[in-house]
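Step one of this worksheet: look at the structure below.
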C-alpha cells in the first residue's frame, strides 16, 4: 500500500479503498473506510500520489503534542542496566500529490480509533495521545497499516530497581521510516529515578532500505519544549 502510485490508481486494503480516477474530464480522489467516505476533486494533470505513514498526532485534530505508550506488563529494570525492546504505536496515513518540497497532502486518516489520556497531575499534567502495547524482545510482525514498531532503548542510570509502566514522548522530533513491511521509529528512555526519566526520538531507520516519511505534524507546531520529554509524573 505504501509508496508511489501512478494515476489512475486504486488501492484496496481490508475495508479501506483509496482511488484516483478520471471521471468526466476531471480527477476524483476517493477514500472509503467503513462508513467514512472522503471525496475531493484534483485540478491536476497526470501524475502520481504518494501514500505513506505520518506522525500519529494529527487526528482527530491538533489536540496534543505528546504520545503516551502504556505497557501491557510493567518492566522492572535493574540498576545501571541497558536494554533494547520493541513496542508498537498507532499509525496515521497521509496521501500526497506533487513532487519534492512542493508535495501537498490531500488526505490524512487512520484505521485505529484515536484515544487520549492525562499524564501527571490533573492541574499541571499533559494530555497525551494514548496507545497500549505489548513489550517485545525481538522484532514483531505487525500490519503496518494499523501499527508501527518503535525500537526503544531503555537505560536505568539510577542505583535502584525501577518499575516502568509507560513512556511519554514529545511529538516534535518524531522521525518515521517505512518499507513494504514495517513502519518504524527509534527512541530512547533514560531513567534517572523512580519517577523521573527523559525520552527522545532518534533519527535513524530500523533497517537498510527504508524510506523517510513525509512530515506533517512537526511543521505545524512550535517546539517550545524541544525534542525531549521529561517524565516527572511517574514512569
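The values are calculated or read from the model by the stated rules, or taken from the named source; none is laboratory data. Worth saying up front: this structure is predicted, and the values here are computed from it rather than measured. Cβ: placed from backbone, ideal geometry, glycine included. Neighbour counts: every protein chain shown.
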(Q) Among the residues of region 174-186, are any at negative phi, at pLDDT below 95, in contact with a strand residue (DSSP E or B) (Cβ under 6 Å, 6 or more places away or on another chain) and buried (at least 20 other Cβ atoms within 10 Å of the Cβ)? (A) yes
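Just to check your reading of the model, which residue among 98, 148 is within 17 Å of the chain's Cα centre (by Cα) and within 30 Å of residue 47 (Cα to Cα)?
Values: 98 fails: within 17 Å of the chain's Cα centre (by Cα).
Among 98, 148, only 148 is within 17 Å of the chain's Cα centre (by Cα) and within 30 Å of residue 47 (Cα to Cα).
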Among the residues in region 119-132, are any out of contact with any strand residue (DSSP E or B) (no Cβ under 8 Å at 6 or more places or on another chain), closer than 30 Å to residue 1 by Cβ and either assigned to a loop (DSSP other than H, G, I, E, B) or at pLDDT below 95 (or both)?
no
- Query: Does residue 222 fit the bill of being modelled with pLDDT under 95 and assigned to a loop (DSSP other than H, G, I, E, B)?
  - Reply: yes
Result of the Cβ filter at 6 Å on region 159-171, keeping first residues that are on the phi > 0 side of the Ramachandran plot and crowded, with 23+ Cβ neighbours inside 10 Å and partners that are in a strand (DSSP E or B) and at pLDDT 95 or above, at least 6 apart or interchain, is none
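When you look at residue 113, is it touching a residue at least 12 places away in the same chain (Cβ under 8 Å) and either surrounded by 12 or more Cβ atoms within 10 Å (Cβ to Cβ) or under 15 Å from residue 16 (Cα atoms) (or both), yes or no?
Working: touching a residue at least 12 places away in the same chain (Cβ under 8 Å): no; either surrounded by 12 or more Cβ atoms within 10 Å (Cβ to Cβ) or under 15 Å from residue 16 (Cα atoms) (or both): yes.
So residue 113 does not fit the description; no.
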Do we find that residue 39 is exposed (fewer than 13 other Cβ atoms within 10 Å of the Cβ), touching a residue at least 60 places away in the same chain (Cβ under 8 Å) and assigned to a strand (DSSP E or B) in this structure? no
Expected single match for in a strand (DSSP E or B) and surrounded by 17 or more Cβ atoms within 10 Å (Cβ to Cβ) among 69, 76 is 69
